[in-house]
Amino acid sequence: MIEHRIWNPAVETIPREDLEQLQLERLQATLNRVHRNVRFYRNRFEQMGIEPGDIRTREDLRKIPFTTKEDLRNNYPYGMFAVPLREVVRIHSSTGTTGKPTVVGYTANDLDAWSEVVARIMTAAGVTRDDVVQIAFGYGLFTGGFGLHYGSEKIGASVIPISSGNTRRQLMIMEDYRTTALVCTPSYAMFLTEIMEESGIDPERLSLRYGLFGSEPWSERIRGEIESKMGIIATDNYGLSEVMGPGVAGECLERSGLHLNEDHFIPEIIDPDTGEALPFGEKGELVLTTVTREAMPLIRYRTRDVTRLYLDECPCGRTLIKMEKVSGRTDDMIIYKGVNIYPSQVEEVLFEFEGVTPHYQIRLSREGALDTMEILVEVGEGIFFDEMKKQKEMVEQINDALRSSLGVSAKVRLVEPRTLERFEGKARRVVDEREI
Ligand code: DLL
């Protein structure tokens, strides 16, 4: 029997009707606030001929156009703020790879709300005040470190704010300080397990019980590996800087979907191509509206993350809606010879093969007018030292499997154990060298 704990039962087990009422009230207040204080939204409402009072139901919300990352960039740095800067007590920024980053502001109340939602996901994942939590997310403009930090302190756990990197030191501290809960990206957890193996650290020597991983997509296979190599229960948690940071949703110990903190965020699922709402339960792009934020409320923000929402009777007792593990981002989609491919689809095919490690890289390049896709696959020692003939057979089998599942062929190359790059933060699986 799993023992489930709930941080804020009044909200997390709220009857759905009451929740919907609460959401609508908070939505009204948010719409009034942005209408009054954010020029971007006021202009939008005027263009559409909408007053905040016209939005009375969840369906009405669909009348309001989406907010996109582009909108945030156009209003760089503080144009989306709904309060004067003197009310803002913290500033974070999203990890933009191109162009200007997006700026995110928090009032003192926003920081309280943030700690509250993170306290919920941590409790759902098994952490209590008796735990020693090692936070190996970067501390800085990235929301991972600070977000998890204040949530952990709120529940009264002993927090080790070690930040990311310096892997051997992480392991020494993990052992000596008797860390019971590890918080980082799944990629970094994988890397830690490798260094554990290399340095002969037996998980039995550690006190670890829980791992809370997020900030990037990860498959069930990776979950299985981390759990068995570290001897822990690994849960997934989700969030994004633009709408707050970590704490938007998190798995309970059932590990069957992430409970979304709906009293703070209203989720919708849309067709990423048409922007139309999809029928409940279908997979598409997640759109979030914040209903409690003061400094930077966002209405119908397009996350670009692909998932599905559903309601079930979770044995943990939470009534909050569930979100399936995010499988990837719409903008991670590779268009190769006219075919749309997600890295997670490639991963699924690769992981079917025994001897393939969870490390791979997809490289796209252009030779003349021709696009080429090469997939580097790191294999275990057993395979690598096999005779050439066996390796060739494996390459052919992977090629066939990729062709039948994706409809395109790629050049597969097996590479030696521990040769592909490892990551302390989010992994980068695709290297696209084609000129656009
Ligand atoms: O990654 C916030 C965060 C920190 C979440 C720590 C969880 C733990 P950004 O850097 O703005 O913020 O990146 C947000 O990361 O839109 C997703 O594409 C991806 N992402 C975050 N969590 C997950 C997850 C933080 N559990 C972007 N599964 C999001 C899959 C995730 N993708």
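The values are calculated or read from the model by the stated rules, or taken from the named source; none is laboratory data. All figures in this text were calculated on a predicted structure; none of them were measured in a lab. Every residue, glycine among them, receives a Cβ derived from its backbone with ideal geometry; neighbour counts consider all protein chains shown. The protein model used for the area step is the full one, side chains on, heavy atoms only, and it has no ligands, DNA or RNA in it. Shrake-Rupley method; radii C 1.70, N 1.55, O 1.52, S 1.80 Å.
When we screen SER158, SER163 for residues that are small (Gly, Ala, Ser), in contact (Cβ under 8 Å) with a residue 24 or more places away in the chain and within 15 Å of the ligand (Cβ to nearest atom), the only hit is SER163. Between ARG318, ARG302, the distinction of being farther than 24 Å from CYS184 by Cβ, in contact with a helix residue (DSSP H, G or I) (Cβ under 9 Å, 6 or more places away or on another chain) and part of a strand (DSSP E or B) belongs to ARG302 only.
Kindly establish whether ARG209 is outside the structural domain of GLN345 (by TED's automatic domain parsing), basic (Lys, Arg) and either within 16 Å of the ligand (Cβ to nearest atom) or open to solvent by less than 10 Å² (accessible area, probe 1.4 Å) (or both).
On the way: outside the structural domain of GLN345 (by TED's automatic domain parsing): yes; basic (Lys, Arg): yes; either within 16 Å of the ligand (Cβ to nearest atom) or open to solvent by less than 10 Å² (accessible area, probe 1.4 Å) (or both): no.
Considered against the rule, which asks whether it is outside the structural domain of GLN345 (by TED's automatic domain parsing), basic (Lys, Arg) and either within 16 Å of the ligand (Cβ to nearest atom) or open to solvent by less than 10 Å² (accessible area, probe 1.4 Å) (or both), ARG209 comes out as no.
Quick check on my filter: what residues within region 403-419 are part of a loop (DSSP other than H, G, I, E, B) and either of a type in the set (Val, Ile, Thr) or surrounded by fewer than 16 Cβ atoms within 10 Å (Cβ to Cβ) (or both)? Matches in region 403-419: GLY407, VAL408, SER409, GLU416, ARG418, THR419. Residue count for region 153-184 satisfying the condition of being of a type in the set (Gly, Ala, Ser), in a loop (DSSP other than H, G, I, E, B) and within 28 Å of MET1 (Cα to Cα): 2. Do we have any residue at all in region 339-350 that's more than 26 Å from the chain's Cα centre (by Cα) and over 19 Å from ARG418 (Cβ atoms)? So far as region 339-350 goes, no, none of its residues is more than 26 Å from the chain's Cα centre (by Cα) and over 19 Å from ARG418 (Cβ atoms). If you scan region 371-392, which residues turn out to be in a strand (DSSP E or B) and open to solvent by 30 Å² or more (accessible area, probe 1.4 Å)? Result: THR372, GLU374.
Criterion first (away from the ligand (no atom under 16 Å from the Cβ) and at positive phi) does ARG418 satisfy it? Please lay out each step first, then the result.
Details: away from the ligand (no atom under 16 Å from the Cβ): yes; at positive phi: yes.
So ARG418 fits the description; yes.
When THR330, THR319, THR307 are screened for being farther than 20 Å from GLU216 by Cα, out of contact with any Cys (no Cβ under 6 Å at 6 or more places or on another chain) and polar (S, T, N, Q), only THR319 passes. I'm trying to understand the selection: among the residues of region 162-193, which are over 21 Å from ASP236 (Cβ atoms) and touching a Lys or Arg at 6+ places or on another chain (Cβ under 7 Å)? The one that is over 21 Å from ASP236 (Cβ atoms) and touching a Lys or Arg at 6+ places or on another chain (Cβ under 7 Å): GLU175.
Among the candidates TYR76, TYR106, single out the residue that is of a type in the set (Ser, Thr, Tyr) and without any contact (Cβ under 8 Å) to a residue 60 or more places away in the chain. Walk me through how you get there before you give the answer.
Working: TYR106 fails: without any contact (Cβ under 8 Å) to a residue 60 or more places away in the chain.
Result of the check over TYR76, TYR106: TYR76.
Matching residues to (1) assigned to a loop (DSSP other than H, G, I, E, B); (2) within 22 Å of LEU240 (Cα to Cα); (3) at pLDDT 95 or above:
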{"residue": "MET80", "(1), (2), (3)": "yes, yes, yes"}
{"residue": "THR95", "(1), (2), (3)": "yes, yes, no"}
{"residue": "PRO101", "(1), (2), (3)": "yes, yes, no"}
{"residue": "ASP110", "(1), (2), (3)": "no, yes, yes"}
{"residue": "GLU116", "(1), (2), (3)": "no, yes, yes"}
{"residue": "ASP130", "(1), (2), (3)": "yes, no, yes"}
{"residue": "TYR139", "(1), (2), (3)": "yes, yes, yes"}
{"residue": "PHE146", "(1), (2), (3)": "no, yes, yes"}
{"residue": "GLY151", "(1), (2), (3)": "no, yes, yes"}
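Consider region 273-294 and keep the residues that are open to solvent by less than 40 Å² (accessible area, probe 1.4 Å) and within 16 Å of the ligand (Cβ to nearest atom). The one that is nearest to TRP114 (Cα to Cα) is ARG293.
Of all residues being out of contact with any Lys or Arg (no Cβ under 7 Å at 6 or more places or on another chain) and surrounded by fewer than 23 Cβ atoms within 10 Å (Cβ to Cβ) in region 106-115, which is nearest to GLU87 (Cα to Cα)? Just the residue, please. So that I can check it myself, show each step before the final result.
Going residue by residue through region 106-115, those that are out of contact with any Lys or Arg (no Cβ under 7 Å at 6 or more places or on another chain) are 107-109, 112-114.
Subsequent filtering for residues that are surrounded by fewer than 23 Cβ atoms within 10 Å (Cβ to Cβ) retains 107-109, 112-113.
Numbers: THR107: 6, ALA108: 8, ASN109: 10, ASP112: 14, ALA113: 15 Å.
Checking each candidate, the answer is THR107.
Output the number of residues of region 212-226 satisfying the condition of being away from the ligand (no atom under 16 Å from the Cβ) and touching a residue at least 12 places away in the same chain (Cβ under 8 Å).
Looking only at region 212-226, we keep the residues that are away from the ligand (no atom under 16 Å from the Cβ), and these are 224-225.
So of that shortlist, the ones also touching a residue at least 12 places away in the same chain (Cβ under 8 Å) come out as 225.
Residues meeting the conditions: 1.
Reported count of residues in region 321-350, each being within 13 Å of the ligand (Cβ to nearest atom) and assigned to a strand (DSSP E or B), is 3.
Taking the stated definitions as given, is ILE299 away from the ligand (no atom under 16 Å from the Cβ) and open to solvent by less than 10 Å² (accessible area, probe 1.4 Å)?
Values: away from the ligand (no atom under 16 Å from the Cβ): yes; open to solvent by less than 10 Å² (accessible area, probe 1.4 Å): yes.
Yes.
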